[in-house]
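Student: Sending over a structure as structure tokens; questions will come in a sec.
The values are calculated or read from the model by the stated rules, or taken from the named source; none is laboratory data. In this text the structure is predicted, and so the values were computed from the model without any measurement. Cβ coordinates were reconstructed from backbone atoms using ideal geometry, including for glycine residues, and neighbour counts include every protein chain displayed.
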Amino acid sequence: MLSIVKSIFIVKNGCGLVKTFIFAFELKKQQNLRDNNNMSKEKSTKPLENLEEVEHALTTAEMFFEKNSKIITIIFGAAVVVSLLLLAGHRFYSLPREAKAKEQMYVAVQYFEKDSFNLAINGDGNYPGFQDIIDDYGRTDAGKLARYYTGISNLHLGKYQEAINYLEKYKTKDLLLAPVVLGATGDAYCELGNKEKAVKLYMEAAELNPNAFTSPIYYLKAGNLYETLGTKDKALAAYKAIKEKYAESNEGRTIDKYIARLMAN
């Protein structure tokens, strides 16, 4: 490109302008060289500047550590001590208490399975009941499970509000037990006359961790209660959920009669 420009100036304007152009070009070239040198210097100084920044940061960190080394050492040491105490507490306190609670609760569970709910809750004088386990070992897993047993026991004894109080305090991630807790709480609310709350809990129980064991049971309960409340469309939806999803369950084998009765009215 440069040679073409030079040729154009030679033809049109003679040597004087060519010399001027060449001189100007030489000046421009020298300027470019100077600019390139300056850029090289700038680039060469940047790593030095970055290195200086890193050194400054390291120096600042060192100065901070030297100034606060005692405090940092204390904090680190305290963290180590706390971690060791937590591990020791879990091994030598929590685990033995958990084992003790399970051992103490064994007889109460036997009474529960025999429908001796008063003895299960209060004990028999020789062995503790669920209430004793809650009082003495409430923070253990066994103590928390005792709340569930106490809630169900009170439900069977007709103490519905007490059942609700215990069941609502019990939280579990167990896939089958969690829906049962919701459904049992719904039973207690239903017995107290709060059918709207009960049917809501039945539906939650049916749709929580869907499975062929608990889900059709609570869909059926919800459907029956929806009929009582006069919301037939919701009752029909609950019955159809059983037919479509759980046809092989005990509830699924007889669900057609519920649907037919509802459609006939």
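Student: Restricting to segment 102-132, and then to whatever is among the aromatic types (Phe, Trp, Tyr) and part of a helix (DSSP H, G or I), can you tell me which residue is surrounded by the most Cβ atoms within 10 Å (Cβ to Cβ)?
Tutor: First pass over segment 102-132, keeping only residues among the aromatic types (Phe, Trp, Tyr): 106, 111-112, 117, 127, 130.
Keeping just the survivors that are part of a helix (DSSP H, G or I) gives 106, 111-112, 117, 130.
On the way: Tyr106: 10, Tyr111: 22, Phe112: 21, Phe117: 21, Phe130: 29.
Applying the filter and picking the extreme gives Phe130.
Student: A further question on this structure: Could you tell me whether any residue of segment 149-159 is without any contact (Cβ under 8 Å) to a residue 24 or more places away in the chain and either buried (at least 22 other Cβ atoms within 10 Å of the Cβ) or assigned to a helix (DSSP H, G or I) (or both)?
Tutor: No, segment 149-159 has no match at all.
Student: Among Tyr170, Tyr246, Tyr226, Tyr218, which is surrounded by 14 or more Cβ atoms within 10 Å (Cβ to Cβ), of a type outside the set (D, E, K, R), modelled with pLDDT of 95 or more and within 25 Å of Phe130 (Cα to Cα)? Steps first, answer last, please.
Tutor: On the way: Tyr246 fails: within 25 Å of Phe130 (Cα to Cα); Tyr226 fails: within 25 Å of Phe130 (Cα to Cα); Tyr218 fails: within 25 Å of Phe130 (Cα to Cα).
Checking each option against the conditions leaves just Tyr170.
Student: Using the structure shown, decide if Ile121 is under 19 Å from Tyr170 (Cα atoms) and free of Cβ contacts under 8 Å to residues at least 24 places away in the same chain.
Tutor: Values: under 19 Å from Tyr170 (Cα atoms): yes; free of Cβ contacts under 8 Å to residues at least 24 places away in the same chain: no.
When the stated conditions are applied, Ile121 does not pass them.
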